[in-house]
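As structure tokens, the structure follows; a few thoughts come after it.
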Amino acid sequence: MTNEARNNLILSMNDPSNILYSDEFVVIVADQYPKSEHHYLVMPKEDLFDVRSLKERHIPKLIYMELKGLEYVMRTTGLFAQDLLVGYHAFTSMNRLHLHVLSKDFCGPHMRQPHQWNSFNTEFFIPTHKIISELQSIGHAVLPPNKKILHQPVQCNKCDFFTNEIKHLKLHLKMVHYVPQIF
């Protein structure tokens, strides 16, 4: 990814046509490459690079980001909190801290590769509460040692089924768990 492309989130959050919600602390936009039917990004207006840049003083901001993200998505989609996955990628390709709030269906048109699935369904995806706990106890978020976890076989998020192919996982989800074939 080019350095210019790494700034797309910053450009997006400053473009009024992309903004779904904004207040003095956060901006919410739709993910431009949705991995689920409902996929949104919550970004702080404060210039924070990623999870590695977080300190204990950022805990109130993390709580606020999650509350605003959940509030917005639940209000606009009719989904409940238990239907949503909320958290941060351990390593990001974009130059702005951003919280993902997405439906657990993973039926988005851009869920095409195993590494995309694994980025949301392994320890590569870190829930807010885990980051907060680690900031309180050791002063920083604990991240996986590398990105290798993204390249392992994919496991169904509802059972123990494993495969190396997204198309097999999607078929499994449709046939076994009755997830609609939106993708």
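For the range 133-163, how many residues are part of a loop (DSSP other than H, G, I, E, B), hydrophobic (A, V, I, L, M, F, W, C) and surrounded by 12 or more Cβ atoms within 10 Å (Cβ to Cβ)?
Keep residues of the range 133-163 that are part of a loop (DSSP other than H, G, I, E, B), which gives 139-147, 152-153, 156-161.
With the extra rule that they be hydrophobic (A, V, I, L, M, F, W, C), the set shrinks to 141-143, 156, 159, 161.
Narrowing the set further to residues that are surrounded by 12 or more Cβ atoms within 10 Å (Cβ to Cβ) leaves 141-143, 156, 161.
Summing the residues that are part of a loop (DSSP other than H, G, I, E, B), hydrophobic (A, V, I, L, M, F, W, C) and surrounded by 12 or more Cβ atoms within 10 Å (Cβ to Cβ) in the range 133-163 gives 5.
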Item to complete: Six or more apart or on different chains, Cβ under 7 Å: which pairs go from a residue in the range 148-161 that's over 19 Å from Lys174 (Cα atoms) to one that's polar (S, T, N, Q) and surrounded by 13 or more Cβ atoms within 10 Å (Cβ to Cβ)? Could you list them?
Response: Ile149/Asn118; Ile149/Thr122; Leu150/Asn118; Leu150/Ser119; Gln152/Asn118
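Return yes when Lys147 is over 30 Å from Leu54 (Cβ atoms) and either basic (Lys, Arg) or at pLDDT 95 or above (or both) and no when it is not.
Details: over 30 Å from Leu54 (Cβ atoms): no; either basic (Lys, Arg) or at pLDDT 95 or above (or both): yes.
When the stated conditions are applied, Lys147 does not pass them.
Out of Leu41, Leu20, Leu67, report the one residue that is touching a residue at least 12 places away in the same chain (Cβ under 8 Å), among the aliphatic types (A, V, I, L, M) and loosely packed, with under 15 Cβ neighbours inside 10 Å. Please lay out each step first, then the result.
Working: Leu41 fails: loosely packed, with under 15 Cβ neighbours inside 10 Å; Leu67 fails: touching a residue at least 12 places away in the same chain (Cβ under 8 Å).
On inspection, the qualifying residue turns out to be Leu20.
Would you be able to tell me the number of residues in the range 85-121 that are within 12 Å of the chain's Cα centre (by Cα) and either outside any helix (DSSP H, G or I) or crowded, with 20+ Cβ neighbours inside 10 Å (or both)? Outline the logic, then answer.
Initially, the range 85-121 is screened for residues within 12 Å of the chain's Cα centre (by Cα), giving 85-92, 97-104, 106, 116-121.
The next check asks that each one be either outside any helix (DSSP H, G or I) or crowded, with 20+ Cβ neighbours inside 10 Å (or both); those that pass are 85-92, 97-104, 106, 117-120.
Summing the residues that are within 12 Å of the chain's Cα centre (by Cα) and either outside any helix (DSSP H, G or I) or crowded, with 20+ Cβ neighbours inside 10 Å (or both) in the range 85-121 gives 21.
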Discussion item. Every residue in the range 49-92 that is over 18 Å from Asn121 (Cβ atoms) and of a type in the set (S, T, N, Q), please.
Written reply: Ser53, Thr76, Thr77
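The values are calculated or read from the model by the stated rules, or taken from the named source; none is laboratory data. Keep in mind that this is a model prediction, so the values were computed, not measured. Positions of Cβ are backbone-derived with ideal geometry, glycine not excepted, and every protein chain shown enters the neighbour counts.
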